[in-house]
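Everything on this sheet refers to the single structure shown next.
Readers should treat all values here as calculations from the given coordinates under stated rules, not as data from a laboratory. None of these values were measured; they are calculated from a predicted model. Every residue, glycine among them, receives a Cβ derived from its backbone with ideal geometry; neighbour counts consider all protein chains shown.
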Amino acid sequence: MKTDAELLAEAKARIREVSAADTAKALGGPTPPILLDVREPKETNLGRIAGAKVIPLGDIRNSVEATIPHDANVVVYCARGNRSAFAADTLQQMGYTNVASMAGGWMAWMTIDGPVEG
């Protein structure tokens, strides 16, 4: 059996991570990524990155394909970057080809004073 830390390390080895600063910069670019917030409603009710789509991690497999095309540029985030790593790994297994997890998640976004909505 593997620990959660081991599973997380394996997922992070398979995915691409981007910083909050790089994500903010990309949002201002010519082809901004789709932001996917995988936190739970009690968390997203406190605020989320402006324009983010919200699909809790447990609903990814059942809901994401109706919301986000497979060829979209997607940046996934959560509170600290762990659930988003698992979500990015899952999306890649589902055939998504341009997915990244935002390292540090919502906490990192707040540190750089990124735009939020509540």
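Tell me whether region 17-27 contains one or more residues that are buried (at least 21 other Cβ atoms within 10 Å of the Cβ) and either touching a residue at least 40 places away in the same chain (Cβ under 8 Å) or over 13 Å from the mean Cα position of the chain (by Cα) (or both). So far as region 17-27 goes, yes, one or more of its residues are buried (at least 21 other Cβ atoms within 10 Å of the Cβ) and either touching a residue at least 40 places away in the same chain (Cβ under 8 Å) or over 13 Å from the mean Cα position of the chain (by Cα) (or both). Residues of region 97-107 include at least one that is part of a helix (DSSP H, G or I), surrounded by 14 or more Cβ atoms within 10 Å (Cβ to Cβ) and either in contact with a Pro (Cβ under 7 Å, 6 or more places away or on another chain) or not acidic (D, E) (or both).
If the condition is being outside any helix (DSSP H, G or I) and in contact with a helix residue (DSSP H, G or I) (Cβ under 6 Å, 6 or more places away or on another chain), then region 108-118 contributes I112, G114.
Between M94, M102, which is within 21 Å of E117 (Cα to Cα) and of a type in the set (A, V, I, L, M)? Exactly one of M94, M102 is within 21 Å of E117 (Cα to Cα) and of a type in the set (A, V, I, L, M), namely M102.
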